[in-house]
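The values are calculated or read from the model by the stated rules, or taken from the named source; none is laboratory data. Being a predicted model, the structure only gives us computed values, none of them experimental. Cβ placement follows ideal geometry from the backbone for every residue including glycine, while neighbour counts extend to all protein chains displayed. In case anyone asks, the SASA skips ligands and DNA or RNA and just uses the protein heavy atoms, side chains included. Shrake-Rupley method; radii C 1.70, N 1.55, O 1.52, S 1.80 Å.
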Amino acid sequence: MPSIYRSPAWEKMAPRPGRDLVPPLLWSLSVFLSLPGPVWLQPSPPPQASPPTEPHPCHTCRGLVDSFNKGLERTIRDNFGGGNTAWEEEKLSKYKDSETRLVEVLESVCSKSDFECHRLLELSEELVESWWFHKQQEAPDLFQWLCSDSLKLCCPSGTFGPSCVPCPGGAERPCGGYGKCEGEGTRGGSGHCDCQAGYGGEACGQCGLGYFEAERNASHLVCSACFGPCARCSGPEESNCLQCKKGWALHHLKCVDIDECGTERASCGADQFCVNTEGSYECRDCAKACLGCMGAGPGRCKKCSPGYQQVGSKCLDVDECETEVCPGENEQCENIEGSYRCVCTQGYKQIEGVCVKEQIPGDWLLVASHILGYKGNRTWCQITLHPEASFPMCPVGPVLSLGHRLL
């Protein structure tokens, strides 16, 4: 029979070997199992955030079958419903298992962007056709026949792995009903139980850390939370603790906070101090005035930072401007926290490290067309003489660069 399914042009596979040498079905399966991507019949690796993992082929097969079944419903609904019932029954019996209907379903079973679906459908096309024309009566469940029995991509519910072994807790109630079996229903996975909050153990049959058994019978387990700092307990009260979480110590069935700052358990930097918190501690930065400290503020310093001095019990800022620290002409000292800076006095501005007098509009007529030249030794001179200018005349010869025209 010629091929029924027509994949998109971009989906065409590489040239195939002569089909007269290998039975078509076995050839298709051999190509499918050799395709790059996940290892189809072996446990899949743990999921990673990057790069994103491809869907397990069982999930692709299940999606294909679900879409196929929806297509069956759609083709019946669109072609029949209302009108001559006897005529419809006669036509329906011919259309129900016809090649025409199969083509209509297969043409829309995969979305255009679902590469995995198109690839699986092309490789399992002959199996789908075989089921449609010959196996429907004896195997009405297409998913079981195609995905589990024929392609061996899936397992029954509650089982996992290449041999479809039961999940922890049994196939009837995997993970005791309180968790998810990794790889359940597929030929991959580890079978590890990812338990719900409050449950633990290999098959989620025990209460987890910080929970206790509130109720248990042959088929039912209820785990309730312990009092906050208790890791193990016999009940919900503060006095029911049997074991404490990290940062707490058991004392008369109660968990008491450990002050790490008063022991050697805390580890803070040289310019930090320790602050105890419930079940833990924090390291906070010392004040800027301190070189090492025992707490917050300039009154808890071990030593004073440069630019500070101890006054009483505190490290306070030193006012360097009380001494002569700015020797430049027309400079003045400005004290800042822990240091100082030299700035130009009012009416002057700094140009390349030198305080130069700023000209105001009233001086325009006095200095119009007079230009200052920079000689290269951090001094300024006049290129043209002005009687009221405070800079000397430049020597004969070119200056290194022109300065600002004082306009």
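Residues in region 134-142: is at least one closer than 30 Å to Gly201 by Cβ, more than 35 Å from the chain's Cα centre (by Cα) and not β-branched (Val, Ile, Thr)? Break it down stepwise before answering.
Step one: of region 134-142, the residues closer than 30 Å to Gly201 by Cβ are none.
No, region 134-142 contains no residue that is closer than 30 Å to Gly201 by Cβ, more than 35 Å from the chain's Cα centre (by Cα) and not β-branched (Val, Ile, Thr).
Find the residue count for region 123-168, including only residues that are among the hydroxyl-bearing types (Ser, Thr, Tyr) and open to solvent by 20 Å² or more (accessible area, probe 1.4 Å).
Matching residues across region 123-168 total 4.
Among the residues of region 235-271, how many are outside any loop (DSSP other than H, G, I, E, B) and either under 30 Å from Gly176 (Cα atoms) or open to solvent by 60 Å² or more (accessible area, probe 1.4 Å) (or both)?
The initial filter retains those residues of region 235-271 that are outside any loop (DSSP other than H, G, I, E, B), namely 238-244, 248-251, 254-257, 260-262.
After this cut, where a residue has to be either under 30 Å from Gly176 (Cα atoms) or open to solvent by 60 Å² or more (accessible area, probe 1.4 Å) (or both) as well, the list is 238, 240-244, 250-251, 254, 256, 262.
The total comes to 11.
Kindly list, by first and then second residue, each pair from a residue in region 220-234 that is open to solvent by 20 Å² or more (accessible area, probe 1.4 Å) to a residue that is of a type in the set (D, E, K, R), limited to pairs with Cβ atoms under 6 Å and residues at least 6 apart or on different chains.
Val222/Glu215; Phe227/Glu238
Within region 318-354, how many residues are closer than 18 Å to Leu291 by Cβ, open to solvent by less than 50 Å² (accessible area, probe 1.4 Å) and in contact (Cβ under 8 Å) with a residue 24 or more places away in the chain?
Within region 318-354, residues that are closer than 18 Å to Leu291 by Cβ, open to solvent by less than 50 Å² (accessible area, probe 1.4 Å) and in contact (Cβ under 8 Å) with a residue 24 or more places away in the chain number 2.
At pLDDT below 90, open to solvent by 80 Å² or more (accessible area, probe 1.4 Å) and over 30 Å from Cys255 (Cα atoms): is that true of Pro306 in this structure?
no
Return only the number of the condition from (1) open to solvent by 80 Å² or more (accessible area, probe 1.4 Å); (2) at pLDDT 90 or above; (3) among the charged types (D, E, K, R) that Glu89 does not satisfy.
Condition (2) is where Glu89 drops out.
Step by step: first the residues of region 325-360, then only those that are among the polar types (S, T, N, Q) and in a strand (DSSP E or B), then the one that is farthest from Gly307 (Cα to Cα). Which residue is that?
Residue satisfying both the conditions and the ranking: Gln350.
Tell me the residue from Glu337, Glu358 that is more than 30 Å from Pro229 (Cβ to Cβ), in contact with a Lys or Arg (Cβ under 6 Å, 6 or more places away or on another chain) and at pLDDT below 95, please. If you could, list the steps in order and put the result at the bottom.
Numbers: Glu337 fails: in contact with a Lys or Arg (Cβ under 6 Å, 6 or more places away or on another chain).
Of Glu337, Glu358, the one residue that is more than 30 Å from Pro229 (Cβ to Cβ), in contact with a Lys or Arg (Cβ under 6 Å, 6 or more places away or on another chain) and at pLDDT below 95 is Glu358.
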